[in-house]
1. Please enumerate the residues belonging to the range 168-187 that are in a loop (DSSP other than H, G, I, E, B), of a type outside the set (Val, Ile, Thr) and in contact with a helix residue (DSSP H, G or I) (Cβ under 8 Å, 6 or more places away or on another chain).
2. With the checklist (1) at pLDDT 95 or above; (2) in contact with a Lys or Arg (Cβ under 6 Å, 6 or more places away or on another chain); (3) not acidic (Asp, Glu) in hand, flag the one item SER116 doesn't pass.
3. If you check every pair at least six apart or on different chains, which have Cβ atoms under 7 Å apart with a residue in the range 74-94 that is acidic (Asp, Glu) first and a residue that is crowded, with 18+ Cβ neighbours inside 10 Å and in a loop (DSSP other than H, G, I, E, B) second?
4. Is it the case that the range 196-203 has a residue that's outside any loop (DSSP other than H, G, I, E, B) and either touching an Asp or Glu at 6+ places or on another chain (Cβ under 8 Å) or over 24 Å from ARG147 (Cβ atoms) (or both)?
5. Can you go through ASP190, ASP130, ASP165, ASP143 and tell me which one is of a type in the set (D, E, K, R), part of a loop (DSSP other than H, G, I, E, B) and either within 26 Å of ALA24 (Cα to Cα) or in contact with a strand residue (DSSP E or B) (Cβ under 9 Å, 6 or more places away or on another chain) (or both)?
6. Name every residue in the range 114-141 that is in contact with a helix residue (DSSP H, G or I) (Cβ under 6 Å, 6 or more places away or on another chain) and under 18 Å from SER80 (Cα atoms), in order of residue number.
Amino acid sequence: MSTITIIGGHGKVAMLSAPLFSAAGHTVRSVIRKQEQSADIEEAQATPIVADVAQLDTDAIAEVLASSDAVVWSEGAGGSGADQTWAIDRDTAIRTIDASKKAGIRRFVMVSYFNSRLVDGEVPGVAEGDGMYAYYNAKSQADEYLRTESGLDWTVLGPSVLTLDPATQLITVDSSDETRDLEVPSTSRDNVAHVVAAVVDEPAAIGATLNFHDGQTPIAEAVTQGG
């Protein structure tokens, strides 16, 4: 089985993903910023790795990732302001992509947002003064870098608006480029975690962007439908 490193290991989706990976026989390493989060990580059946990747350069992140077979990016600034959003959701994500390549890791799964995309370098329909401008554009720029510049075996996951509902293990993949997240049903974080766990070992998900919400298709089938 594989060794999987989750960046942003104390986030809700990451905490739900770790035991799923463990149950599938994988070794799970969860990267966290604070030592006091370690007990939670261990309870989720993962090994805590204390490292603030936002403060590390590419070489140092590569050392953190060493011996991994796959990386899951589930990190984020979490409402810390525009500067931190650009620094973490774009710049640190891109350094982590580069570090994965440097460490010889092929598989990279990016947890992003519904219909993350750029048109002429920006997210369409989001004005610069919009409170979500930095988040949408930082995430989308990192996603685009992963898709076009990394050379990795990537998957970008785009769940719609997240809830704390229990998993149904049923989703719908939306193939439209024009749909916005508020125009579709919401997505359980627990379902997102099951999608994360399903795509890591799914060859059909490599090179795919999966925009999805809670729906009617079993996850194991849905994750083969990306484009």
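The values are calculated or read from the model by the stated rules, or taken from the named source; none is laboratory data. Source: prediction; values computed, not measured. Reconstructed Cβ throughout: ideal geometry from the backbone, glycine too, with neighbour counts over all protein chains shown.
1. GLN169
2. The single condition SER116 does not satisfy is (1).
3. Qualifying pairs under 7 Å: GLU75/GLY8; ASP89/GLY76; ASP89/ALA77.
4. Scanning the range 196-203 turns up no residue that is outside any loop (DSSP other than H, G, I, E, B) and either touching an Asp or Glu at 6+ places or on another chain (Cβ under 8 Å) or over 24 Å from ARG147 (Cβ atoms) (or both).
5. The match here is ASP165.
6. ALA134, TYR135, ALA138, LYS139
Yes/no per residue for (1) touching a Ser or Thr at 6+ places or on another chain (Cβ under 7 Å); (2) modelled with pLDDT under 95; (3) among the charged types (D, E, K, R); (4) under 16 Å from ASP143 (Cα atoms):
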residue	(1), (2), (3), (4)
ILE7	yes, no, no, yes
ARG33	no, no, yes, no
ASP40	no, no, yes, no
LEU65	yes, no, no, no
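Results for (1) more than 21 Å from GLY78 (Cβ to Cβ); (2) in contact with a Cys (Cβ under 7 Å, 6 or more places away or on another chain); (3) free of Cβ contacts under 8 Å to residues at least 24 places away in the same chain; (4) surrounded by 24 or more Cβ atoms within 10 Å (Cβ to Cβ), shown as yes or no for each residue.
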| residue | (1), (2), (3), (4) |
| --- | --- |
| VAL123 | no, no, yes, no |
| ASP130 | no, no, yes, no |
| GLU144 | yes, no, no, no |
| SER160 | no, no, no, yes |
| ALA167 | yes, no, no, no |
| SER175 | yes, no, no, no |
